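One structure is given below, encoded as structure tokens.
FYI, it's all coordinate maths here, none of it is from the lab. Predicted model only: the values in this text are computed from it and were never measured. Virtual Cβ from ideal backbone geometry, glycine too; neighbours counted across all protein chains shown.
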Amino acid sequence: MRNLSLALVAALCIAASFLSCKDTYIDPAIANFTKDTTDIAVYVKNNGLVTQSASYGVRYQITQANPAGKAPAQGEELEFSYVIRSLSNTKIDSTKKDSSAYFPFGLGKMLIGLEIGFGKLREGEKAIFLFPSYVAFGDRPVGALLANSPVRFDVFLKAVRSEDAQIEDYIKRNKLTNVDKQTTGLRVSKTVSTTTGAALTDGQKVTLKYSGKFLRSGNVFDDNAKLPYDVTLGRNQVVPGFEAGIKALKVGEKATIIFPSSLGYGSTGTSNGAILPYTPLAFDIEIISAQ
């Protein structure tokens with residue numbers, strides 16, 4: 001069955017800008033909202049569910065509790081599996097067996113309903129979410145799900161990862177070795193080392209090659225494959241994590257450096273939206289020369 005993970009990301013990101021996940025009143029005049037909530041109430045009764053109410057007409061029932069589990073905070077990575085059904089119990093989509101979906105929490109990259117629902121869960125919990133179309137797929141038909149239809153999600157929140165946990169997961173998945181962890185959270189894994197040469201210091205002009213990657217997808221967001229890149233140390237020309245990674249190396253050395261958003265683009269991300277808030281980053285770098 002076609003996996004609709006991208007739809008979960010993009011379907012209602014525009015609508016997300018008009019809403020928050022705070023409990024608040026919603027005008028029943030919004031198209032289909034009253035009908036959707038009525039249909040959901042009937043579904044709950046007919047299926048013997050015992051749900052709790054959340055904002056914007058969302059209902060949820062925790063089917064596997066884990067009170068000691070970690071609750072998600074803004075920007076943390078959620079790993080979860082899901083099954084989507086219509087209220088007529090037609091299966092619309094699901095994650096593949098033994099696979100997961102990965103999204104940041106609280107940054108408007110999931111359906112609004114999922115943001116609200118996951119805000120009620122902890123790591124290790126399973127739940128049923130029931131969403132009015134307003135906070136689900138809206139007027140977009142999705143597979144066998146008609147436009148303006150309420151929807152059911154059965155979810156398992158497998159993991160909630162802080163930035164540090166995301167970095168450790170990246171190191172493990174990519175089998176990085178000899179990883180030096182600094183007190184700032186920067187990790188440096190040298191892939192080519194040298195015993196000669198002086199340490200790099202402020203004021204030096206360093207020429208290097210680099211490739212910047214996102215941790216989960218591995219997608220390259222920036223590189224200088226065509227031309228070497230020059231940076232003068234101590235001039236705040238690059239983000240702190242990148243400069244600290246350079247200073248951890250000598251001319252001729254190569255490394256993978258990984259750092260949290262506190263050393264990168266922080267709680268705001270980049271102005272063009274290419275790098276989201278609270279995003280840890282990895283760079284493969286090679287020091288060519290210094291003068």
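Picking from ALA225, ALA127, ALA65, which is most flexible by a Gaussian network model of the chain using Cα springs under 10 Å? Judging by the Gaussian network model, the answer is ALA225.
Straight Cα distances below 18 angstrom link LYS205 to the lysines LYS247, LYS250, LYS254, with same-chain residues fewer than 8 positions distant left out.
Match the structure shown to one of the listed values (1) 1.08; (2) 0.96; (3) 1.00 of Rg/Rh (Cα atoms, Kirkwood Rh), computed from it, and give that label. Entry (1).
For segment 164-290, the normalised intensity computed at q = 0.20 Å⁻¹ comes to -1.22 (log10 of I(q)/I(0), Debye sum over alpha carbons, equal scatterers, no solvent).
So if each residue of separation counts as 0.36 nm, and I subtract the Cα-Cα distance between ALA71 and LYS226, what length gain in nm does that give? Please report the intermediate quantities before stating the final value.
Numbers: separation 155, 0.36 × 155 = 55.80 nm, distance 4.37 nm.
Here the segment from ALA71 to LYS226 would lengthen by 51.4 nm.
Close amide H contacts of PHE221 (hydrogens built in the peptide plane, cut-off under 5 Å, sequence separation of 5 or more or a different chain): GLY212, LYS213, PHE214. The H on the amide N of THR63, modeled in the peptide plane, is under 5 Å from the matching H of LYS126, ALA127, ILE128, each at least 5 residues off or on a different chain.
Across segment 188-193, coupling constants 3J(HN,Hα) worked out from phi with the 6.51/-1.76/1.60 Karplus curve, θ = phi - 60°, read 10, 10, 6, 9, 9, 10 Hz, and Gly and Pro carry x. Charged neighbours of THR279, selected by a Cβ distance under 15 Å, balance to -2 (K, R count +1; D, E count -1).
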